Structure formats: C-alpha cells, structure tokens
Amino acid sequence: MSEIDSLKAQLETLQSEALASFAQAASLSELQQLRVNYLGKKGALTEVLKGVGKLPAEERPVIGQHVNKTKSALAEALDASEADLAVKAKAERIEAERIDVTLPGRSKPAGALHPVQQGLDEMTAIFSQMGFAVAEGPEIENEFHNFDALNIPPEHPARAMHDTFFINEKFAEGEHSEPMLLRTHTSPVQIRAMKRFLEEGHEPPLAVVAPGRVYRCDYDVTHSPMFHQVEVFKVDRDVSMAHLKGVLKHFLSTYFEKEVDIRLRPHYFPFTEPSAEVDIGCVFCAGKGCRICKGSGWIEVLGSGMIHPNVLRSVGIDADEFSGFAFGLGVERLVMLKEGIPDLRLFFENDVRFLRRMGS
Amino acid sequence: MKIPFSWLKEQVALSKTPAEIADDLVRLGHEVEGVEMPRAAVQGVRVGQIRSKQPHPDADKLSLLKVDIGEAEMLDIVCGASNMGEGDKIPVATLGTTLPNGLTIKKGKIRGETSCGMCCSETELGLADESAGLLILPADAPVGAEVGEYLGLEEAVFDLSITPNRGDCMNVRGIARDLAADAGLPLADVISHVAEVETAIPAAKVTVTAEGDCPVYMARRIEGVTLADSPAWMQTGLILAGMRPVNGIVDVLNYVMLDFGQPMHAFDADRLNGDICIRSAQAGEDFAALDGRELKLHAGDLVVCDETDVIALAGIMGSEPSGVTDTTTNIVLESAFFRPARVSETRRTYAMVSEASMRFERGVDPLMVETAMQKASALITELFGGAVGEITVCGDAAAINAGRSVSCSVARISSRLGIDIPESVDAVLERMAFGIRRDGDRLDVDVPPFRHDVTIPEDISEEYARVIGFDAIPEILPALATTAPAKVDRSIHDAVADGFLQVVTYAFISDGEQRLFVEDDGLDIALQNPISDAMSVMRRSAWPGLLNVAKHNLNRQQSGVALAEQGRLYVKTENGHDENNVLAWLMSGDVGQDEWHAQTRKADFFDLKAAVESWLAKRGLIGRFIADDSIAGLQAGQSAKIMVGRAEAGRIGKVDGDIADSFDIDAPVFVADINLDLLPEGKKAKFQPLPEFPGVERDLVFLFDKNSSSDAILNAVRSAGGKLLTETRIFDRYAGKGVPEGKVSLGIRFALQDPNRTLTQQDSDAAMQSIIAAMDKKFGAVLRG
C-alpha cells in the first residue's frame, strides 16, 4: 500500500471512530473533550497531518483536501451533537423546574375599609362631584348650635325626640357657657359652616356636605348610641324644593347604582319648612312590596326640607333674598339597604370576618 | 294616636276605602304606622256571663268559672285573672279561636281542672298594649254574641304618628278636617248638646293669678251624679282609640278629648277645700300625683289649688286626693288653655307624660275650651244624671291667637316650591280653614286660632304643597357649582393599604378603660346620662376600643389581628375642649397564617413600626422613634414616642402584660397612635436625574455595646460617610455564640455614588476609613474580623 493510501485509510478510520464517539457522548463537557481529542492542537487529526510531510510534493494537496474534508465533517458532527445535547439538557431542566401552578400565591395581609367608611367615602364623593364643599364640626356641641340656632327652643317638643347625651359639667366654650352635649345630628355644621362662610366675607351660593358622627341616648337592636350622618345643604337665590328633589334623586340613584324612585312625604322638622321625609322605591322588591318595606313598596331613608328662615336669620342671612334646602341622611341605614346588612350591631361589633367580607 | 274609621266618618262623609284614606293621610303629612282591622282578629270571641266562680283547689291565683255563652252547656274555664265576679260579662275565646297574639284556644287541663275556653283582656284581643285583668263588658251585652260585632270592631283603625307641630290633629276632628279639606267635602258641625243650667247650683269660684301661663280657665259644678259605667258605644270608641275605659266620668272626658282635642279634668267637689286658684307654685310645695308619685314642686310650675292643697299640675295630672272615685256625686269640671311652653317645661322637669300634657304642650284650640265643656257636661248629665251650674270663665278664649295673619307673595311661594301656583291656591287654603284676602301677587292669609304652627309664609307654602302633594313638585338638578376639590383625608385608607382592618368603636368608654392609658388629671369629659358605666366617659385614647375589638376576635378563633381606627379623642382644655383627630393601630398574635411556603409568626414591635413608618412615608414624612419608658400602659423597654419634625406626634409600644391579661389576650399586643392634627406638611418627592455612573456597595461588621441605639449609629455613619454616601442600612444583627457578652454584632451596608464620575478604589476606601474611625470614636465599636 502506498503511503498516500495508508494516510487516506487512517483518515477514514479516524472519521468513523470519531463520529461513533460523538454519537455516544452524554454531555456537553464530554463533547468538548472529544473536540479537543480530535481537532485540538495535539489531536488525532493533527497526528495524521504529521505524516503528510513524508509525501512527495505533488501528492500533498490531495491528502490536504482529504484532511480538510474530514476536519469539517467532524466539526459539523460535533456542532450537531452539541445542539442535540443542548435541546435535551433544556428539556430536562424544564422538567426539573415543573411546579404546581394551582398552589395558592404567597398571600399578603389584606386590609379592609369599614363598611361605614366605604359608605361615607362614596356619599361624600357623589356630593363633591356635584359641587358641594366638605365641612366638619365638633362632636361635643353646645345647645346653641345643636338646638337653638336650628329653631329648636328649649321648651320645644322636638328636643325630646332627640334623646340627647349631656356632658357632666358645663364648661365655658367661647361665648357660650351653657350645657354641652354630644351633637344629636350633623345639622349644627349648617350653622357653623354658614357663619364661617359669612365671616370670611363671602355671599351665597354656598353648598356643603358635612359627614360625621352623631350620638343619641338610645341603645337597642335597631339603635346605636353612636352613628354616622351626612348633612347636605345649599343656600342661594331661588333655591326651591324642586332642586331638593333633583339633588336627592341624583344622589340616591348614583349611590344605589340604579334609577330609584323617590317619594317626599310632608313631615315636621323645626329647622326646615316645608319639611319632608324621603322614601325610595324599595330596592329589594322594586316596589312590589316585601318584608323589608313592610309591603308598602317604599323605604324611608332620610329627612329633608327647605331651610327654615329662622335658621338662615340666626346666622345673618337675609331669608327674603336667599333660600336653601337641607337634608341629613343616616349612613348606616343606607349602607344596610345597599349591602343587604340585616343588623345595625354588626357595624360596631367589628368582627373581622364581617369586615373582611364587606371590604373585599 | 289611633283613629277609628267609623269615628272619622261621623265628622266627614268619606267614601274611600281605608287603604285609600291611609294613602291620603300619608300625602297630607300624617305618617300611618299601620291600619288595624280589629274585627277580623277576634272572630270566635263571644260575650260570656260568669255564672259561678270558685277558687281552684290546687292554685291560689286561679279560679274555676262556669261561663254562659248562650248555649245549652255552660263552659268550664280556668282563669288566672282576679278582676271579675259572678254576673260579670266578659269576652270568651271559644275552642278553635286564634287570638291576635297567635294563641289558638284548645281544650286542656290546668292543674288538673278542665278548661274549655279563655276569658280575654284587651291585650289578648289586640285592642291595647297593656291591660290589667279581663275586659269587663257592659251589663247589657247580649250573651253569646260575637264580641267583635257587639263592640263594633268591624272596621279599620288608623295608627298615626302625629308630628309635634300638629297638635290640632291629635283628635278625630283635626284629622277629619284635613281629610275634608283634601277631598273638598264639608266637615260636620259640632253637635253641641247644652245642658240646662240649674241656678240653685253655685258657680265654681275660681281665681287665676298666673294669667300668662293660663289665659283661659273654665270650671263648672255638676251635682247629683250617679256614677255608672259608660255606655258600650263609648267604651268601644275609647278601646279602638287605644284608651282603657276607667269610670263613667273619666270616660266621657277622654271621649270628648279624642273627639275635639280638648283635655279636661274632673275634681270630686266634696274633696276640695274651698275655692280654686290657678297660680305659680312655690318651691317645695307638695303634690300627690294621680300616678302615685309624691313630688316637691319647683317655683314657677303652674298649679291648680284649692285653699289647702295643690289639686293638679296644670295640664299634666290631677292629684290623687281630689280625684273622682266610684262614690263621687258632685264634681267640678275643668276646661282650660295652658301655655304650651309652660306645660312642656314642667312635664320634662318631672318626666311625666299624659294624654293631656301631649295636647297642651302642642297647643289646643282655644275656641274648643267652652265647646268641650258644654259637650262633656251634657254627656255626663244625660248618662249619669245630675244638674249643672253656670260655667265660670276666667280669661278670654277668643283673644288667644286672634287676628293672626300671614302676608305672603304668590311669586315667592312659587319660587320656593319650584312650581307655578294657580289661582286655585285660594280655594285650597280656604278649605284648610284659612281666610284669604288677595291683592295681585299679595296673599293675606288669616290663620285660624287652632293652627299654632302657622306663622310665616313658608308655612303657607307647606300647607299648599301638602294638599296638592309633594309629588306635583318636579325634580330639577340645580346647575353644578364649581368648587376647588376638597383635599381628601387618606389617613385610614393608607393604613388599610398596609393590611390593617378598619374598625369603628364608640367614642365613650368606661372610666377604668380611660385610666389604662391616661393619668387622671381632671381633664376627662364625662357624660351626665350615659347608657351604662361601660360607655360613660369620652375617650382620650383609642387603644381601649381597639383592645376590646381584639378581644372579641381573638376569642372567636382568630389567631391574629391587625386593626386600625381613625376617630377623635376628647379632652377638656382651659378654654373649652379639644377634639383631636387620631389614627391608631393594634397588632397581636399571628402575622398572616401558616402557608405551604412559610410558617406564621407572632407580631412584634417591628411589624407595627414598619406599618407606622410606611404610613408616614406615604405622606412624605419620617418619624424618629425615641425610646420612652414613661408611656402609661406600655411596657418599659418596648415603647417609644414618635417624633415627626418637631412634633411629638405619636406613641408606639407593647401593651403592659397585665392590661392585655385583663382583656383575656394571651399573645403580646402592640399599639400605636398618631395625632393627625400635629403632623407637619410632608415633603413631596421631586424629580432627580438617575445616576449616570456606577456606584459601589460595601459591608462593614462592627461589635457594639448591646444597648447602643441603631438610630444614633446610623446618624453617625451618615455624617462620617461624606457626600458620596447615598444609602446606609443595617443588614445583619447578631448576638450570641462568637460575640462577647454585652456586645452585639451589627452589619452595616453602605452605598456610595458620585453623580459626576465613576468612583475609584481610593474614594470608597476613604469613606470606609472615615466611618470606621467614627464608630470607634463615638461608640468604641471595633470591626469584627
């Protein structure tokens, strides 16, 4: 056998051995080692090339081509094997990283706003959007703001309807040294807001929403000694009962998230004239009559009226020039109706199961 | 008050059904709390007569009755009442009858004796809320008749809630007047029987010295009365109207009051000592009221007196010794007008309520004072015999509320109601008994004396509006004013966002709870009339309320709570009082719950501190937590005041173990609060360019004394680190094996950054050396190898 044929044979043997070993390689590192073994500086192919020097000059290019062919065949085979292995390795890694996606996520403690707060926020926002400014007042009031300025003189029978909590001792409060009490309604804010407004040199229109806590000395299944009211009033030229009805209708429909019917019934409050109790068409039975509305199709929700001229006068507003409407609504009552909460006491028991449920 | 339909129809010829009338009443402003149909409720209850009454052999309080209900056999009935005797006629619920209270009558044995029916009281028949014993029927009641039919209960009774301004509607005629005006029907004339005066009977002698409080007083003697039960028709009326028959005279007076609204009183003339005087009481005068109470009167109370005693608290209640009894033969009738405010004040002083006072304090019809006197005297003499003397009249009833007129503009009524006012307004108001004089837009409205409530033009517009109905007023949304949007208080919302549940607790707590966290400095605000001791003083800390909520929930299978409340705290000040807006937190027990990836742990100080810090950060504020062992109710060593800016704005700490025990809470409890009124305005974050050059992070670990303050260490680090130091924090804290006793190892991480260039090794080494030197100098801290 000539020298050149022997070299050719060597190259063929080397190629078939190499391809076989590549196919068996189980890992990328093993393949890397094989690459060095065959194609490296001191690899098998290089060894074969050393024999080329012994060949006559005209035969060298021939064997050179053979060597190059073998080299690229090996390199291609190595690349292909590497790619196969990479795919396999990724598939294994993916399998190893498989998780149960149905396990619950890592929880974070979830807070919740009290349902009364949610109600207050919603109601205040509706009135804010209608242009009513938010005002507050003290909860410990004097008789002047809670009663007298609201046209409820001391001997007035309406005072008895209020079940007032009085403070143990009189303490001087500004110009008024008189019995102090826990405000029985948010209406005193009417007086305070109007006075402040005038003192600041403004002139009506004035539109105010005043949310807050109020107190009545009454404690049973349907009464809480502390509860929340939202007082709403507007004073301007030519404010009419039609405006009162318009604002009520808009507010109640927005709050209950559906068009509600309203009905005003003549009533009596000392601080409004005319006065009206406001009913809404029962939100549970759509006015057909059910247990909640006692079959009447109507549910009483709040008291309202045109601000009594004596109230306007008590703060120095000309009742001939200006008029106003006012109403006060019970927050707990509306929240109970909207959310279907059956028992007032749930609000003040603060059971976290109730709070979480209502807050979600 | 209760108004029987049949009685209304005596005053006005109504042709509508009770349901329609109820709707009209609501529209007119008289709230209808219910329409009762009494007849339907007592089907099967019959008139029975007691033929014999024996004591029950085995029970002192029971009787064995044989009752005749007009059938062949007498009924054996065991009865627990005691006010009946042989011969009395009583309502008997026969077997199978279901009473209004839901009880169905069955044959049964009571203590071994057979009972075949039940004798009934007013309460059991659904006619009254309270009753004392059986309803004894008039002697002429036909035995065996249906009681409902006999009593004329076959009808509707309107249960009305009369508003305090409409004293004129606290009687049948007043309601009838509203309905008549509404329907355009005539109101029946007052049929006044007038008893003929017997001149031999002396006129009652009366003087009034308190004319201001008693502008009109009428009195009349009636002699020779033979007292008997009032007739069945009257008793029925009274029962349907919710009043219990008492005796003939009282029944007549109550009947007249329900009919006309004029309360009257009868004295036993033979139990009076001399002439009658109406005057102001002197302080300390004794009064033995009809309800059994012995009062010491106040100066200024209006009283009716004879020459020795106070015989009535005017308009409220008569005295026991001067009252009519079963043996009374001569009486003095009183009919008067007392000043409403006077009656109201006195009634409230003694916490007394009577049918009379309710009417007087709302104002009665002055022109009814004499009419009622005439009608009552006529009824009494017709029913019980006797003869009447002259009526003694003090004062002029016609002068009360006389000539009142309200002048108003039709245009103004229109503007206030938001509707056009047609010419027919005149007719509507005239039907309501107002007199109308019109001059173009001007309306002069003469107000009848019984309408004490109508004084201003707005009252006139209400009168008109309630007759046409508030439904006739359109719904108009006024033009929206634009106001600066209010700054919304997000305090509680931000606490909730950090995982806290908002609670709402009462503003009043017990005195004991107040003392847990607030020293007694005399600045508490206590209630005069608390619901209970547990709700008697205005809170000065929100923590007791939160502890009560924690207790409630931890006792109900909750393993941990995180609560927050926003509300006010109340304290006396030199000039009055303060109401401070406060946000308070409480954490106790497990943080979260056991989950597949992590176990729960108990909340500690730093859980709550994180919440407070996070809350402050949201408003651009940083709190400094300064250890303070003197905070009442918190455990020394785990409590701090929270400084924000210069304000001591809050406190935080672990609730004293004994206090937690007293709320039955085993786990450590942590609380905090922030006085929102003291918080300074926070800084709003401003834009800063992001760093262009890389920064470096370095860690250093030192040994410090165990009681060193982290806050002081970090402050020292910041001032030593120089301008390049952008961030520093404690990343590790360790005490124990490998750390000397009394020392603690703190790992501090620094971030260094120069906005203008890449940092060099020298830069960071210089900063490190400066910090190491400062730690050594200030704290004697050494680097841990």
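Per-residue mean of other chain beta-carbon atoms within 10 angstrom of the beta-carbon, peptide B:575-588? Could you put the intermediate results ahead of the total?
Details: counts 4, 10, 7, 2, 5, 0, 1, 0, 0, 0, 0, 0, 1, 0.
That average works out to 2.
How high is the relative contact order of chain A, in percent, with contacts defined as C-alpha pairs under 8 Å that are six or more residues apart?
About 15 percent, as a whole number.
Nearest 0.05, what FRET efficiency do A:Arg313 and B:Ala497 give at R0 = 35 Å with Cβ-Cβ as r?
Numbers: r = 46 Å, r/R0 = 1.33.
Rounded to the nearest 0.05, the efficiency is 0.15.
Please give every one of the aspartates and glutamates within straight-line cross-link reach of A:Lys71, meaning a C-alpha to C-alpha distance under 12 Å, and leave out same-chain neighbours fewer than 8 residues apart.
A:Glu12
Average the reciprocal distances over every distinct pair of alpha-carbons in segment B:491-678, invert the result, and give the Kirkwood radius in Å. Numbers along the way, then the final one.
Numbers: mean 1/r = 0.0590 Å⁻¹.
16.9 Å is the Kirkwood radius here.
Let me know the mean shielding of B:460-469 by other chains, meaning the per-residue number of their Cβ atoms within 10 Å of its Cβ. Spell out each step's value before the answer.
Values: counts 2, 4, 10, 2, 1, 6, 6, 1, 0, 4.
Per-residue shielding by partner chains comes out at 4.
Count, for each residue of A:98-110, the Cβ atoms from other chains sitting within 10 Å of its Cβ, then give me the mean as a whole number. Walk me through the numbers on the way to the answer.
On the way: counts 0, 0, 1, 0, 0, 3, 3, 2, 5, 5, 3, 12, 6.
The mean count of partner-chain Cβ atoms within 10 Å per residue comes to 3.
Ranking request for peptides B:726-736, B:107-117: highest mean number of other beta-carbon atoms within 10 Å first, then the rest in descending order. Before the final figure, lay out each step's value.
Details: B:726-736: 12.7, B:107-117: 15.0.
Peptide ranking by packing, descending: B:107-117, B:726-736.
Using every pair of alpha-carbon atoms in segment B:39-150, split the distances into 10 Å bins beginning at 0 and state the percent of pairs per bin, rounded to integers.
The distribution over segment B:39-150 is 16, 51, 31, 2, given as percents.
Mind computing the radius of gyration and Dmax over the alpha-carbon atoms of segment B:696-783? Å is fine for both.
13.2, 45
I'd like the accessible area for B:Tyr506, computed on protein heavy atoms only with a 1.4 Å probe and all protein chains in place. Round to 10 Å², please.
40
Which of the aspartates and glutamates could a cross-linker bridge to B:Lys106, judged by Cα under 19 Å and excluding same-chain residues fewer than eight apart?
Within reach: B:Asp68, B:Glu71, B:Glu73, B:Asp76, B:Glu124, B:Glu146.
Tell me, what does the Kirkwood hydrodynamic radius of segment A:252-331 come to in angstroms if you use every pair of distinct C-alpha atoms? Working shown, then result.
Working: mean 1/r = 0.0718 Å⁻¹.
When all Cα pairs of segment A:252-331 are included, the Kirkwood radius is 13.9 Å.
What whole-number volume per residue, in cubic angstrom, does the convex hull of the C-alpha atoms of chain B give? Spell out each step's value before the answer.
On the way: hull volume 229.4 nm³, N = 785.
Given the Cα convex hull of chain B, per-residue volume reads 292 Å³.
Provide, for segment B:696-783, the number of lysine pairs with alpha carbons under 17 Å apart, each pair being eight or more places apart or on different chains. All intermediate terms of the calculation are to be shown ahead of the outcome.
Details: B:Lys706/B:Lys737; B:Lys706/B:Lys743; B:Lys706/B:Lys777; B:Lys706/B:Lys778; B:Lys743/B:Lys777; B:Lys743/B:Lys778.
Number of lysine pairs found: 6.
Roughly how many whole Å is it from the C-alpha centroid of segment B:715-785 to that of segment A:223-248?
62
Just to be sure I understand the model, the point goes 7 Å from the Cα along the line to the Cβ. What's the resulting B:Val739 to A:Leu198 distance in nm?
Result: 6.8 nm between the two label points.
Could you please state, rounded to a whole Å, how far the C-alpha centre of segment A:1-52 is from the C-alpha centre of segment B:546-604?
78
Taking each pair of distinct Cα atoms in the protein assembly as shown once, what is the resulting Kirkwood hydrodynamic radius in Å? Mind dumping the intermediate values first?
Working: mean 1/r = 0.0265 Å⁻¹.
Final number for the Kirkwood radius of the protein assembly as shown is 37.8 Å.
Quick check: the distance between the Cα centres of segment B:12-54 and segment B:383-422, to the nearest angstrom?
31
Please list, in chain and number order, the residues 5+ apart from B:Leu634 or on another chain whose amide H is under 5 Å from its amide H, with Hs placed from the backbone.
B:Asp656
Restricting the calculation to Cα positions, tell me the Rg (one decimal) and the Dmax (whole number) of segment B:655-742 in Å.
20.5, 59
List the cysteines in chain A whose Cβ has no other cysteine Cβ under 4.7 Å from it.
A:Cys217
Please compute the modelled spin-label separation between A:Asp79 and A:Glu122, points set 7 Å along Cα→Cβ, answer in nm with one decimal.
Placing both labels 7 Å along Cα→Cβ, they lie 6.8 nm apart.
Lysines near A:Lys338 by alpha-carbon distance under 25 Å, same-chain residues fewer than 8 away left out - which ones?
Of all the lysines, those that pass the test against A:Lys338 - Cα under 25 Å, at least 8 places apart if same chain - are A:Lys245, A:Lys249, A:Lys258, A:Lys288, A:Lys294.
Just from its helices, what would the mean residue ellipticity at 222 nm be for chain B, if runs of 4 or more DSSP H residues each count -39500 (n - 2.57) and the sum is divided by every residue, rounded to the nearest 500 deg cm²/dmol? All intermediate terms of the calculation are to be shown ahead of the outcome.
Details: 20 runs with 198 residues, N = 785.
Roughly -7500 deg cm²/dmol at 222 nm, from the helical runs in chain B.
Distance in nm between label sites at A:Gln33 and B:Ala283, each 7 Å beyond Cα in the beta-carbon direction?
Here the modelled spin labels are 11.7 nm apart.
Please compute, for the alpha-carbon atoms of chain A, the extent along each of the three principal axes and give them in descending order in Å.
138, 50, 44
Write down the radius of gyration of segment A:31-122 and its Dmax, each obtained from C-alpha positions, in Å.
31.9, 104
Within segment A:257-347, list the trypsin sites (Lys or Arg not before Pro) lying in a DSSP loop whose Cβ has at most 11 other Cβ atoms in a 10 Å radius.
Details: sites: A:Lys258, A:Arg263, A:Lys288, A:Arg291, A:Lys294, A:Arg313, A:Arg333, A:Lys338, A:Arg345; in loops: A:Lys258, A:Lys288, A:Arg291, A:Lys294.
Listed in order of number, the matching sites are A:Lys258, A:Lys288, A:Arg291.
Would you kindly state how much longer the chain becomes between B:Ala72 and B:Asp521 on full extension, computed as 0.36 nm times their sequence separation minus their alpha carbon distance, in nm to one decimal? Don't skip to the end; give the middle numbers.
Details: separation 449, 0.36 × 449 = 161.64 nm, distance 8.26 nm.
Computed gain between B:Ala72 and B:Asp521 is 153.4 nm.
Dividing the Cα convex hull volume of segment B:245-369 by residue count, how many Å³ per residue is that?
On the way: hull volume 12.5 nm³, N = 125.
It is 100 Å³ per residue.
Can you give me the orientation-averaged projected area of the convex hull built on the Cα atoms of segment B:372-463, in nm²? Intermediate results must be reported in sequence, preceding the final value.
On the way: hull surface 32.9 nm².
Projected over every direction and averaged, the Cα hull of segment B:372-463 covers 8.2 nm².
Hand me the GluC sites (Glu not before Pro) from segment B:271-337 located in a DSSP loop with no more than 15 other Cβ atoms within 10 Å, in residue order please. Show your work: numbers first, answer last.
Working: sites: B:Glu285, B:Glu294, B:Glu307, B:Glu334; in loops: B:Glu285, B:Glu307.
Those that pass, being in a loop and sparsely packed, are B:Glu307.
What FRET efficiency would be calculated for the residue pair B:Asp628, A:Ser360, taking the C-beta separation as r and a Förster radius of 51 Å, to the nearest 0.05?
Working: r = 38 Å, r/R0 = 0.74.
For B:Asp628 and A:Ser360, the calculated efficiency is 0.85.
The values are calculated or read from the model by the stated rules, or taken from the named source; none is laboratory data. Because the structure is a prediction, the values reported are computed rather than measured. Note that we place each Cβ from the backbone using ideal geometry, even for glycine, and neighbour counts take in every protein chain shown. Protein only, heavy atoms only, side chains kept; ligands, DNA and RNA dropped before computing areas. Shrake-Rupley method; radii C 1.70, N 1.55, O 1.52, S 1.80 Å.
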